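Accompanying notes for the structure given below.
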Amino acid sequence: MSKIALITLEHRAVLFACSGFSLLLGACGGGGGESERAPAPAPTAAASVPAATPPAQAADPVRPDPAGDGAVDATSANAAPVHDVAPESFAMSGYAPDGEDQARAAKQARALYVSPHGSDANAGTDTRPFRTLARAARAVAPGVTVFVAPGTYNGGIRTTASGQPGARIAYVSTERWGARIVPPERSASKAAWDNRGDYVDIVGFDVDGSEHRGGTRWSSGIYNGGSHDIIRNNHVHHIAQHVACTSNGGAAIGVDGYYRGVQAQVIANLVHDIGPAGCRFVQGIYVSTTGSVKNNVVYRVAEAGIHLWHDARNVVVSNNTVTGSNTGIVVGGGDFYHTSGPNDHTAVYNNIVYDNRMGISEQGRTGRNNSYRNNLVYKNSSYNWRLKNGLAHSGTVSSAPLFVGDIKVALPNFSLSAGSPAIGRATPMHAAPTDFNGRPRNMFSGFDIGAYQH
């Protein structure tokens, strides 16, 4: 698929709003196992995981510890200020026109700027931008958007500042996938980006873990422990491919309730090549709280393309395309943090789950109010469906989706061909108003199943 495909920014009104201030959530850094993390707040009485739950599904997500990289490209912090960066280097590109309009409005309000040609001794303006995201993260406040110019930036990023409902904090790559986050030399972090702030947006970054340069290997791409956050339009790939396969786990995008985060949204991200082959502890998109997962394209993941576990409940999983993984979608609950489960009132609608080993599977403690409607589930070699509590799926399409491109190439095109049985077969319920590329889901011609509207 093309890196310049147009996209839109859902919930545009909140992405660039301004006002207010909120409390910082605390230090963060790379991922850690049970021996590395801080104690969780005391949970409520928790039920044990049923013995029938496969041990692989009980793995913890990567949970960053306090000993991360600290500052990205810290050597630049004392460099002389740079005065000659052109404001045109922050021109928005690759986004749908309405998203660009919102970004321009934000630039006229409260904004900070980051460029590979900047300096952390600068003021963070468009002509005198910062050099690192770490420096911008120390300067943000509610209502501020951080615009990041195309270029390469070291990962191990830690963001802790919180926005407010009417004054979100946003980190935006001005070119979709143009700001590339890579492993630093002698990495001390297991996560490319660890966010603990509330009301935070992370938009349009290329998180690329393919070039390890020493130190700790990444087992997590974007880790989110805050509440009401939006992880949107990012390209997260080649994460955790050469780590040891242990129950510490890992994920390309992890939305975690361990620190009591709730209601995060994972929207229109491209996720692929995650985890070492055959390792069932590494996931594509991992959710352990409430929230939504919409319009994502996920493929070649060691275990589940989309995996709900721990305190996951009331999650909307809609219009995703998941293929080439061990399991397509896992809806489960167990190893509870602060609840006793089950995973209930979760809606799985309009997804394409195709050519995985297993299709859509309920595991652990699940409730009787989960619903599965209008999904295309086909050619998953072990089974297509495995639901519990007598639940049944409805409106299912059981045939090949007929994608435009060859799905075996490095960057497949998963858009729908003219003859696809997914066209017009989705329900508008829980669907995002636009698709992966920002095209409207036309209610007059019918909503399509999967991440793309034809």
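The values are calculated or read from the model by the stated rules, or taken from the named source; none is laboratory data. Everything numeric in this text was worked out from a predicted model, so none of it was measured. FYI the Cβ positions are ideal-geometry reconstructions off the backbone, even for glycines, and counts take in every protein chain you see.
Quick one: is G257 modelled with pLDDT of 95 or more, of a type in the set (G, A, S) and not in a strand (DSSP E or B)?
Yes, satisfied.
Filtered by the rule that a residue be in a loop (DSSP other than H, G, I, E, B) and surrounded by fewer than 20 Cβ atoms within 10 Å (Cβ to Cβ), segment 158-176 gives P165, G166. Can you work out which of the residues in segment 299-314 that are within 23 Å of M429 (Cβ to Cβ) and over 16 Å from the mean Cα position of the chain (by Cα) is surrounded by the fewest Cβ atoms within 10 Å (Cβ to Cβ)? Among those that are within 23 Å of M429 (Cβ to Cβ) and over 16 Å from the mean Cα position of the chain (by Cα), it is N314. The sole residue among G214, G221 that is assigned to a strand (DSSP E or B), of a type in the set (G, A, S) and surrounded by fewer than 24 Cβ atoms within 10 Å (Cβ to Cβ) is G214. Within segment 187-195, can one find any residue that is charged (D, E, K, R), at pLDDT 95 or above and surrounded by fewer than 20 Cβ atoms within 10 Å (Cβ to Cβ)? For segment 187-195, residues charged (D, E, K, R), at pLDDT 95 or above and surrounded by fewer than 20 Cβ atoms within 10 Å (Cβ to Cβ): absent. If the requirement is being in contact with a strand residue (DSSP E or B) (Cβ under 8 Å, 6 or more places away or on another chain) and over 23 Å from M358 (Cβ atoms), which of these qualifies: N269, N233? Only one candidate passes the filter, namely N233.
Restricting attention to segment 271-298, which residues are surrounded by 24 or more Cβ atoms within 10 Å (Cβ to Cβ) and within 24 Å of R441 (Cβ to Cβ)?
Just the residues of segment 271-298 that are surrounded by 24 or more Cβ atoms within 10 Å (Cβ to Cβ), to begin with: 271, 274-275, 281-289, 291, 293-298.
V271, G284, I285, V287, G291, V293, K294, N295, N296, V297, V298 - these are the residues of segment 271-298 that are surrounded by 24 or more Cβ atoms within 10 Å (Cβ to Cβ) and within 24 Å of R441 (Cβ to Cβ).
Let me confirm something: among V353, V315, V322, which residue is without any contact (Cβ under 8 Å) to a residue 60 or more places away in the chain, farther than 15 Å from L391 by Cβ, touching a Leu at 6+ places or on another chain (Cβ under 6 Å) and not polar (S, T, N, Q)?
Working: V353 fails: touching a Leu at 6+ places or on another chain (Cβ under 6 Å); V322 fails: touching a Leu at 6+ places or on another chain (Cβ under 6 Å).
Result of the check over V353, V315, V322: V315.
Output the residues belonging to segment 324-364 that are over 15 Å from H307 (Cβ atoms) and assigned to a loop (DSSP other than H, G, I, E, B). Outline the logic, then answer.
In the first step, residues of segment 324-364 are kept if they are over 15 Å from H307 (Cβ atoms); the result is 324, 336-342, 344-345, 347, 349-350, 352, 354-355.
Within segment 324-364, G324, F336, Y337, H338, T339, S340, G341, P342, D344, H345, N350, D355 meet the criteria.
Any residue at all in segment 365-384 that's of a type in the set (D, E, K, R), under 22 Å from the mean Cα position of the chain (by Cα) and assigned to a loop (DSSP other than H, G, I, E, B)?
Restricting attention to segment 365-384, the residues satisfying the condition of being of a type in the set (D, E, K, R) are 365, 368, 373, 379.
With under 22 Å from the mean Cα position of the chain (by Cα) added as a condition, the list becomes none.
No, the conditions are met nowhere in segment 365-384.
Kindly indicate whether any position in segment 429-452 is in contact with a helix residue (DSSP H, G or I) (Cβ under 9 Å, 6 or more places away or on another chain) and not in a strand (DSSP E or B). Within segment 429-452, one or more residues are in contact with a helix residue (DSSP H, G or I) (Cβ under 9 Å, 6 or more places away or on another chain) and not in a strand (DSSP E or B). Looking only at segment 127-143, filter to residues that are over 21 Å from A167 (Cα atoms) and not hydrophobic (A, V, I, L, M, F, W, C); which one of those is nearest to the chain's Cα centre (by Cα)? Within segment 127-143, the match that is nearest to the chain's Cα centre (by Cα) is T132.
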